[in-house]
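Colleague: Sharing a structure, written as structure tokens. Questions coming.
The values are calculated or read from the model by the stated rules, or taken from the named source; none is laboratory data. Please read these numbers as outputs of a predicted model, since none were measured by experiment. We place every Cβ from the backbone using ideal geometry, glycine too, and count neighbours over all the protein chains shown.
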Amino acid sequence: MDKKLEALLARLGEINDLESAAALLSWDQETYMPPGGGPARARQLATLGRLAHEKRTDPALGKMLEELRPYEESLPYDSDEASLIRVARRDYERAIKVLPSFMARFYRHTAESYMVWVKARPANDYRSVQPYLEKTLDLSRELADFFPGYEHIADPLIDYADEGMKASTVREVFAELRTQLVPLVRAIASQPVADDAFLHQHYPEAEQLAFGLEAVKTLGYEFQRGRQDKTAHPFATKFSLGDVRITTRVKENDLSEALFGTVHEAGHAMYEQGIRMDLEATPLAHGTSSGVHESQSRLWENLVGRSRSFWRFFYPKLQAAFPNQLGAVSFDAFYRAINKVQQSLIRTDADEVTYNLHVMLRFDLELALLEGRLAVRELPEAWRGRYQADLGIVSPDDRDGVLQDVHWYAGTIGGAFQGYTLGNILGAQFFEAAARAHPSIPSEIERGEFDTLRGWLKENIYQHGRKFTANELVQRITGGPLSIQPYIRYLRSKYGELYSL
Ligand code: ZN
């Protein structure tokens, strides 16, 4: 390897180590840390964050990247070395554009705002967070303005999470999806809601955890490079390619929560575990965008985990684990229950058909706030209006309305939500491409075999890490741009059959 590139990677490796140490401290905070550790942990994370930021913006790094430019240009775009330099330059240029004093202000504010929201939500008290949200909106605009030349003020914020995506393209894709989804949701909503009462019997925690672990082991999540622990708000995290962890939350009166949550997080984790080991500690050793990451969690959770084929294999095992609860429940009744569609208030509990309506209205409200078409004080009313229009249901309070998601209260307004729906769209596109390349995949899933599917995902997506952006991956895999058609085909065929549409 080129000597200069080696020196660059050594520096970037140190940044990676600081970030990994911070990730471990955060994981501990969310799993085992006693409450008394809170203040010191916040300080430790701030120190690590500051050290990493100093290293990320070191002018010496800029000089090295500049010297490597001719070398990069002499290499093919998709070579490892050119990709390492390209992605490192993108990270560097993004990091140096934002003033360190702004970032300090921003983190201090979002930490305060989060604390206020934690109290405001159960108290149904939007008024107390409103001034914080107003400041968040100002700061979000200020952050965007460090990246002049944008077409829409949300673009730089969207680009942080979903590189290469813009408000205009996302808006167009969402509008098209909405046109297709709304009639589908209406048609389903005019029919009786599936009965899922038996999913809400008592399911002891130990058995739930054991079943979930067995399921994700079968899918291919590797436990010699991972583990699972309990937490309040489940997530997946990585400290190295040899240590990618998942967390879960068990509700003893709700079988779906831990089961599908565990498969979801394992989907994120298998993506990270599938990155080529020789990219360890380099800027390429991460998933490429929030949309592609969600495409993997949702592919495993929904396209695989809520499919008939999957349960042909797993349902007898689930019945054996819970004979009293499920022994008398037929396969079809179970399949209908786990795919119940219902117009509901809470995004995180929504089914895969209505879920995107929750995301799209949040995305539109973000744009309206950033554009100044909507004031923060008018947000609860606008929120209720959109729920009425899109889902035909309105929360009587703000607790399960505008206060329900942490995103705006602990981060930017803009860029927070589009990844979820992009993930649904991309997941279907990738799954369709995998099944076209290997028509045996559905019958393999019925036998509890997942190697072909996971192998295809690894070959085409996982191994590359951040080498390609979401748009580049879709182009390479499907030969065309992002398209909602595979997702619509999937929903129409699955729910058309379930509801005889
Ligand atoms: Zn996720």
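Colleague: Find the helices (runs of 4 or more DSSP H) located wholly in the range 406-446 whose residues include 2 or more that are away from the ligand (no atom under 16 Å from the Cβ), assigned by TED's automatic domain parsing to the domain that holds T354 and without any contact (Cβ under 8 Å) to a residue 12 or more places away in the chain, and list them.
Modeller: Numbers: elements: 407-410, 418-437, 441-446.
Of the helices (runs of 4 or more DSSP H) lying wholly inside the range 406-446, those with at least 2 residues that are away from the ligand (no atom under 16 Å from the Cβ), assigned by TED's automatic domain parsing to the domain that holds T354 and without any contact (Cβ under 8 Å) to a residue 12 or more places away in the chain span 418-437.
Colleague: State which residue pairs qualify: first residue under 24 Å from A21 (Cα atoms) and inside the range 51-70, second residue surrounded by fewer than 15 Cβ atoms within 10 Å (Cβ to Cβ) in any location, beta carbons under 7 Å apart, and separation of 6 or more residues or different chains.
Modeller: Close Cβ pairs satisfying both conditions: H53/P100; K55/E14.
Colleague: Identify, by number, the condition in (1) in a helix (DSSP H, G or I); (2) touching a helix residue (DSSP H, G or I) at 6+ places or on another chain (Cβ under 8 Å); (3) among the hydroxyl-bearing types (S, T, Y) that S493 doesn't meet.
Modeller: Failing condition for S493: (2).
Colleague: Another question about this same structure. Quick check: anything in the range 51-59 loosely packed, with under 15 Cβ neighbours inside 10 Å, modelled with pLDDT under 95 and in a helix (DSSP H, G or I)?
Modeller: So far as the range 51-59 goes, yes, one or more of its residues are loosely packed, with under 15 Cβ neighbours inside 10 Å, modelled with pLDDT under 95 and in a helix (DSSP H, G or I).
Colleague: Sticking with this one: Just one of S79, S20, S83, S74 is in contact with a Lys or Arg (Cβ under 6 Å, 6 or more places away or on another chain), modelled with pLDDT of 95 or more, outside the structural domain of D229 (by TED's automatic domain parsing) and more than 30 Å from D138 (Cβ to Cβ); which is it?
Modeller: Just a single option satisfies the conditions, and that option is S83.
Colleague: Tally up the residues in the range 303-336 that are part of a helix (DSSP H, G or I), away from the ligand (no atom under 16 Å from the Cβ) and not basic (K, R), please.
Modeller: Adding up the residues that qualify gives 20.
Colleague: Among the listed residues A111, A88, which satisfies the condition of being modelled with pLDDT of 95 or more, part of a helix (DSSP H, G or I) and small (G, A, S)?
Modeller: Every option except A88 fails the conditions.
Colleague: Just to verify a result, which residue in the range 251-284, among those that are hydrophobic (A, V, I, L, M, F, W, C) and surrounded by fewer than 20 Cβ atoms within 10 Å (Cβ to Cβ), is nearest to P323 (Cα to Cα)?
Modeller: That would be F260.
Colleague: Continuing with the same structure: Can you give me the number of residues within the range 107-124 that are of a type outside the set (F, W, Y), in contact with a helix residue (DSSP H, G or I) (Cβ under 9 Å, 6 or more places away or on another chain) and in contact (Cβ under 8 Å) with a residue 40 or more places away in the chain? Spell out how you get there, then give the answer.
Modeller: Going through the range 107-124, the residues of a type outside the set (F, W, Y) turn out to be 108-113, 115-116, 118-124.
Okay, now just the ones that are also in contact with a helix residue (DSSP H, G or I) (Cβ under 9 Å, 6 or more places away or on another chain), so 109-113, 116, 118-121.
With in contact (Cβ under 8 Å) with a residue 40 or more places away in the chain added as a condition, the list becomes 110-111, 113, 116, 120-121.
So the answer is 6.
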